[in-house]
Amino acid sequence: MLDGHYSEKMPYPSSDSRILCDMLSMCFDGFSANCTLYARVSNTLDKHIFKKVSSLYRRLAERLLYGIGVLPEDTGTMNPEPGYIAVAYLSALNAPEKYTSNRIMSVNWQVIKRIGKLVRLLDDKLFANMIVDYLACIQVLLDNAHYRRKAAKLI
């Protein structure tokens, strides 16, 4: 699974670590929700879309985890942004089946916007640019998915 040095805990080593942890939380929730929905939907278009979105969130989460390096110690405080996203994904997954896909897509857009705002707060601009590249890939996928789902009358 993870290398041994990732399991060590220490206080936040840099100002970026707290922001990266919030982003990591949102990406992991996005990966989990989209992967869950992939298993539940029956049409091939939605299956493809949710599998691809979950894959992109997973890849971004891996990069963020790499950027964090050592997992920081839990201080008992949390930025409310990741909590809102987690609740939004859970709510969307618990919605009636005919609304679930649209609601997950809506939350995916919220995640892109929120991570986009957080990335501006990072001190490491090179790492921030890498995150923006991942966000752009996810945004392009969501844009294309919106048009394809609309053409297939799934929206």
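The values are calculated or read from the model by the stated rules, or taken from the named source; none is laboratory data. Here the structure is a predicted model, which is why all the values come from computation and not from measurement. As a convention, Cβ positions derive from the backbone with ideal geometry for all residues, glycine included, and neighbour counts pool all protein chains shown. Each accessible area value is taken on the protein alone, full model and side chains, heavy atoms only, with ligands, DNA and RNA left out. Shrake-Rupley method; radii C 1.70, N 1.55, O 1.52, S 1.80 Å.
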- Of 32, 101, ordered by accessible area with the largest first and a 1.4 Å probe, the sequence is 32, 101
- Listed residues 105, 23, 130, most fluctuating in the chain (Gaussian network, C-alpha, under 10 Å): 130
- Set 47/117; 51/150; 117/153; 52/150 screened for pairs whose C-alpha atoms are more than 24 Å apart: 47/117; 117/153
- Helix axis angle, 125-151 relative to the chain longest principal axis, alpha carbon, degrees: 10
- Task: Would you rank 140, 107 by solvent-accessible area, highest first, keeping every protein chain in place and using a 1.4 Å probe?
- Result: 140, 107
- Query: Highest GNM mean-square fluctuation, the chain, Cα pairs closer than 10 Å: which of 44, 36, 100?
  - Reply: 44
- Relative to the Cα centre, what is the charge dipole magnitude of region 19-143, using +1 at the beta carbon of each Lys and Arg, -1 at the beta carbon of each Asp and Glu, and rounding to the nearest 20 debye? 480
- Under Stokes-Einstein, region 80-141 at 4 °C and 1.567 mPa s, with its Kirkwood radius over C-alpha pairs, diffuses with a coefficient in µm²/s of 102
- How many angstrom separate the Cα center of region 15-59 from the Cα center of region 91-128? 9
- With the dipole of the chain worked out from charges on the C-beta (+1 for Lys and Arg, -1 for Asp and Glu) around the Cα centre, which of 30, 66, 139 lies farthest toward the positive end? 139
- Note on the structure: For the chain, the longest principal axis of the Cα atoms and the Cα long axis of helix 80-93 enclose an angle in degrees, to the nearest 10, of 30
- Message: Just to be sure I understand the curve: with the Debye formula and one point per C-alpha of the chain, what is log10 I(q)/I(0) at q = 0.15, 0.17, 0.18, 0.19 Å⁻¹?
- Response: -0.78, -0.97, -1.06, -1.15
- Message: What do you get for the angle between helix 44-68 and the principal long axis of the chain? Use alpha-carbon atoms, 0 to 90 degrees, nearest ten.
- Response: 0
- Task: Can you tell me the relative contact order of the chain? Whole percent, Cα pairs under 8 Å, sequence separation 6 or more.
- Result: 31
- From DSSP H assignment alone, runs of 4+ in the chain each adding -39500 (n - 2.57), the sum over residues rounded to the nearest 500 puts [θ] at 222 nm at -26000 deg cm²/dmol
